[in-house]
1. Search segment 17-31 for residues being of a type in the set (D, E, K, R) and either touching a residue at least 60 places away in the same chain (Cβ under 8 Å) or under 18 Å from Val99 (Cα atoms) (or both), and hand back the single one that is surrounded by the most Cβ atoms within 10 Å (Cβ to Cβ).
2. Go through segment 1-100 and tell me which strands (runs of 3 or more DSSP E), entirely inside it, have 3 or more residues that are modelled with pLDDT under 95 and β-branched (Val, Ile, Thr).
3. For segment 39-46, state whether one or more residues are charged (D, E, K, R) and either closer than 16 Å to Ala101 by Cβ or surrounded by 12 or more Cβ atoms within 10 Å (Cβ to Cβ) (or both).
4. Checking Thr88 against (1) free of Cβ contacts under 8 Å to residues at least 12 places away in the same chain; (2) among the β-branched types (Val, Ile, Thr); (3) surrounded by 10 or more Cβ atoms within 10 Å (Cβ to Cβ), which test does it fail?
5. Restricting to segment 22-60, count the residues that are closer than 22 Å to Gln105 by Cα and not polar (S, T, N, Q).
Amino acid sequence: MASLNKVILMGNLTKDPELRKLPSGTAVCDLRLAVNEDYTNRDGQKVEKTLFVDVATWERQAENCEKYLKKGSPVLVEGKLELDEWQTEQGEKRSRMRVRAINVQFLSRRESDESGAPGQSAARAPAPARDNPPPDDKATPF
C-alpha cells in the first residue's frame, strides 16, 4: 500500500527560533508556528482557531532560520510529520508529533524595494536546505 507523509503550513512564529547543536555538530533549529483558521459556525458566528505546531529545521537551513527569522516572522513550511520520543529524568516516556522541515520559505516584506517605495515587494529566501544563502536587500525580487 502506498503512503504519503507531507505537510504544508503557513503561519507566524510565536517565539524566536532556538538553535542548538547535537553532539555530532549538526545544527537543529526549533520553531513554534501559529496557524490561524477562520470560519463561520452553524449559528453564523465567526470563529477563529489557532493551531500551534512545533517545527524542526536541520543543518544549513537551521542556521539560516536562526539568523533571519524572529518572533512574528511569517513563513511557509513544507515538511513531514515525525514522532519525537524521549525519556524524562524521572524515567517517564514522552512523545509528541512535530514537523521536520524540508523547506522553509521566508515571507517577510522588505522595508523598501529599489525604487524606495516601502513594502512593495516580498523578499523570499531560496530553500536554505540546498545551501543557498538568503538574498540580500539589493537582490531582484522573484
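1. In this case the residue turns out to be Asp30.
2. Passing ranges: none, list empty.
3. no
4. Checking Thr88 against (1) free of Cβ contacts under 8 Å to residues at least 12 places away in the same chain; (2) among the β-branched types (Val, Ile, Thr); (3) surrounded by 10 or more Cβ atoms within 10 Å (Cβ to Cβ), the one that fails is (3).
5. 19
The values are calculated or read from the model by the stated rules, or taken from the named source; none is laboratory data. Note that the structure is predicted; figures quoted are calculated from it, not measured. A quick note on method: Cβ atoms are made from the backbone with ideal geometry, for glycine too, and the neighbour counts reach across all protein chains shown.
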